[in-house]
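**Q** Here it is, the structure, as structure tokens.
Derivation of every value follows stated rules applied to the coordinates shown; laboratory data play no part. Here the structure is a predicted model, which means the values were calculated and not measured. All Cβ positions, even for glycine, are placed from backbone atoms using ideal geometry, and neighbour counts span all protein chains on display.
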Amino acid sequence: MIKVAWSTTHQEFIISDHYYFSKLQRYAKENDISVEEVDEFEKFANYDVIIFNYPEIPFKKEEVDFIEELVKKGKKVGIFAYYKNEDKIADTCNTMAERFGIKFNGDIITDDVNNYDNDNLLITTTKTSQKMKEKNINKVVLACTDSLTITGNNVEPIIYAEDTAKSLLGKEKILFAKYQDPSGGCFIAGGTCVFWDNYSIDIYNNKELSLQLLSHKK
């Protein structure tokens, strides 16, 4: 069984919120993934995967050092943000993500053509990586998403917006990116944190995306 630590150390959205995440909890359990809310940073070492879903408190250097060591030991870490940066979510996530060569831009991505329910902030895309397509992640809906900039080595985009999408800041339309460590560990950043809530998870391949992000094979 895969053990996932869902962080509550930095005032993240909690997975035990039934209204938002009851489906994700159920799907994880059905796929032999154990997800536990963890409120003590040092306990992350006891898990295979660590998730920071909309952290609201910036990370301290010693916390980032600790996470970097976990990735070097083969752990998988994911951090997921939101659009605009009005509440400094991009800045907060960058206190962690920039260590791994990924920057949240505080952007707004819209798509007047490829979207869900005729809402240009609920963008849809088929531009997923080959490895994702091999896992049946062919099309996803990503609501209210930021864009990412790759600033370091060993980082690759894993989800792009469609060519019809627009970046308010004129950035490259990278929506999810992954740092791959030689150890087998990795760090994944996503421009939105609401792709796996109860509203989105059953649309297109969002369920497959969600389960893949919670899974880990070194």
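**Q** If I model a spin label at residue 202 and residue 69 as a point 7 Å from the Cα along the Cα→Cβ vector, what separation in nanometres do I get?
**A** 4.4 nm
**Q** Output the DSSP H helices from the chain with an along-axis C-alpha extent of no less than 30 Å and a mean Kyte-Doolittle hydropathy no less than -1.0. Walk me through the intermediate numbers first.
**A** Numbers: long enough: none.
Going by DSSP H runs, there are no hits.
**Q** For segment 59-115, state which GluC sites (Glu not before Pro) are in a DSSP loop and have at most 13 other beta carbons lying within 10 Å of their beta carbon. Write down the numbers at each step before the final one.
**A** On the way: sites: 62, 63, 68, 69, 86, 98; in loops: 86.
Sites meeting the loop and neighbour criteria: 86.
**Q** Looking at the chain only, what percent of DSSP beta bridges run antiparallel? Nearest 5 please. Each step should come with its number before you reach the end.
**A** Details: 24 of 43 bridges.
Expressed as a percentage, antiparallel bridges in the chain total about 55.
**Q** Using per-residue counts of other Cβ atoms within 10 Å, averaged over each peptide, order 130-141, 184-195 from highest down. Show your work: numbers first, answer last.
**A** On the way: 130-141: 15.9, 184-195: 23.9.
Ranking, from highest mean packing down: 184-195, 130-141.
**Q** For segment 26-58, which GluC sites (Glu not before Pro) are both in a DSSP coil and crowded by at most 15 other Cβ atoms within 10 Å? Provide the component values of the computation, followed by the final result.
**A** Details: sites: 30, 36, 37, 40, 42, 56; in loops: 40, 56.
Counting only loop positions with at most 15 other Cβ atoms within 10 Å, the GluC sites (Glu not before Pro) in segment 26-58 are 40, 56.
**Q** Give me the net charge of residue 17's neighbourhood, meaning all other residues with Cβ under 13 Å from the Cβ of residue 17; Lys, Arg count +1, Asp, Glu -1. Walk me through the intermediate numbers first.
**A** Details: positive: 23; negative: 12, 37, 197.
Local charge sum for residue 17: -2.
**Q** How many nm separate the modelled label positions at residue 57 and residue 34, each set 7 Å beyond the Cα in the direction of the Cβ?
**A** 2.6 nm
**Q** Expressed as a rounded percentage, what relative contact order does segment 10-83 have, with Cα pairs under 8 Å and six or more residues apart? Intermediate values should be presented prior to the final figure.
**A** Numbers: 62 pairs, mean separation 27.6, N = 74.
Here the relative contact order equals 37 percent.
**Q** Now a separate question. Explain nothing, just the number: relative contact order of the chain, from Cα pairs under 8 Å at least 6 residues apart, as a whole percent. Provide the component values of the computation, followed by the final result.
**A** Working: 538 pairs, mean separation 48.5, N = 218.
With pairs under 8 Å counted, the relative contact order is 22 percent.
**Q** To continue, here is another question. What base-10 log of the normalised intensity I(q)/I(0) is obtained for the chain from the Debye formula, alpha carbons as equal point scatterers, at q = 0.07, 0.10, 0.13, 0.17 Å⁻¹?
**A** -0.18, -0.38, -0.66, -1.22
**Q** What is the magnitude of the charge dipole of the chain about its Cα centre, with +1 placed on the Cβ of each Lys and Arg, -1 on the Cβ of each Asp and Glu, and no other charges, expressed in debye to the nearest 20?
**A** Values: 27 positive and 35 negative charges, 160 e Å.
Magnitude of the dipole: close to 780 debye.
**Q** Between residue 169 and residue 153, what is the spin-label point distance in nm, taking each point 7 Å from the Cα along the Cα→C-beta axis?
**A** About 2.6 nm, to one decimal.
**Q** If each residue of separation counts as 0.36 nm, what is the full-extension length gain between residue 3 and residue 91 once their alpha-carbon separation is subtracted?
**A** Values: separation 88, 0.36 × 88 = 31.68 nm, distance 2.84 nm.
Using 0.36 nm per residue and subtracting the Cα-Cα distance, I get 28.8 nm.
**Q** Under 30 Å between C-alpha atoms is the cut-off here; go through segment 20-67 and count lysine pairs that meet it, provided they're at least eight residues apart or on different chains. Intermediate values should be presented prior to the final figure.
**A** On the way: 23/43; 29/43; 43/60; 43/61.
Here the count comes out as 4.
**Q** Give the residue from 123, 200, 2 lying farthest towards the positive end of the charge dipole for the chain; charges sit on Cβ (+1 for Lys and Arg, -1 for Asp and Glu) and the dipole is referred to the Cα centre.
**A** Comparing the listed Cα positions along the dipole, 2 ranks first.
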